[in-house]
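What follows is calculated from the coordinates using simple rules that are stated; it is not laboratory data. Nothing here was measured: the structure is a model prediction, and the numbers come from that model. As a convention, Cβ positions derive from the backbone with ideal geometry for all residues, glycine included, and neighbour counts pool all protein chains shown.
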Amino acid sequence: MIDTTIKTDTKTTTTNALIEWEAPEYNHSVKTNEWYWAMGIVAAIFIIMGIWMQNFLFVIIILLSGFSMALFSARKPNMTNFAVTTRGLKIDKRIFPYEDLESFWVHYNPPHQKEIGIISKKLFMPRMVVPTGDTDPNKIRGHLVKFVAEEPHTESIAESLSRFIGF
């Protein structure tokens, strides 16, 4: 076990990390100029539709969405520290207690998909995707299965669409 010290505003707590790894916070695919052009054309079509329907709030939302997507797609992911501890799943300095986690499933289809899907019991955080990086997902699974139920998860439509368009 690896002894990890976590500092919070009021106290310092020690957790025992069973396995630790580092991975990018999300899978990043390099976007070509054609990708940006295609996104711009789709946004322009929606903007023209919004103007034609005289729905200017929709036009503003499409403008903001397109701009935000362009900025986010150009951003490189930060490296994030992950750990399975005796108390919960640790992502950077935040611990998600096992009591709050409903189930997990390892999605492993290299080189495109190497991640662990985690479903939370909390209403506003129903699903998390934890990348495994270069770490063997079977080792992570071996520790997680001791604390959280392992149940097959399917990708949501939003996740499938995001993966399809390279986001």
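Where Lys and Arg each count +1 and Asp and Glu each count -1, what net charge lies around Glu102 among other residues with Cβ under 12 Å from its Cβ?
Details: positive: Lys121, Lys122, Arg127; negative: Glu99, Asp100, Glu150, Glu151.
Value of the local net charge: -1.
When the chain is modelled as a GNM with alpha-carbon springs shorter than 10 Å, which of Pro131, Pro24, Pro110 fluctuates the most?
Of Pro131, Pro24, Pro110, the Gaussian network model singles out Pro110 as fluctuating most.
Starting from the 7 Å offset along Cα-to-Cβ, what nm value, one decimal, do you get for the label separation of Thr154 and Trp35?
Each label point is offset 7 Å from its Cα along the Cβ direction, giving 2.7 nm.
Using the alpha-carbon centroid of each, what span in Å lies between the stretch 121-167 and the stretch 64-116?
8
Nearest 500 deg cm²/dmol is fine: what mean residue ellipticity at 222 nm does the chain get from its DSSP H runs of n ≥ 4 alone, each adding -39,500 (n - 2.57), divided by its residue count?
Rounded to the nearest 500, the figure is -10500 deg cm²/dmol.
Under a Cβ-only charge scheme (Lys and Arg +1, Asp and Glu -1), can you give me the dipole magnitude of the chain about the Cα centre, in debye to the nearest 20?
It works out to roughly 280 debye.
Pick from Met49, Met39, Met79 the residue whose mean-square fluctuation is largest in a GNM of the chain, springs joining Cα atoms under 10 Å.
So, out of Met49, Met39, Met79, the one fluctuating most is Met49.
So if R0 is 41 Å, what FRET efficiency would Lys93 and Ile165 give, r being the distance between their Cβ atoms, rounded to the nearest 0.05?
Working: r = 32 Å, r/R0 = 0.78.
Once the sixth-power term is evaluated, E becomes 0.80.
If I model a spin label as a point 7 Å beyond the Cα along the Cα-Cβ vector, how far apart are those points for Glu22 and Ala74 in nm?
It is 2.7 nm.
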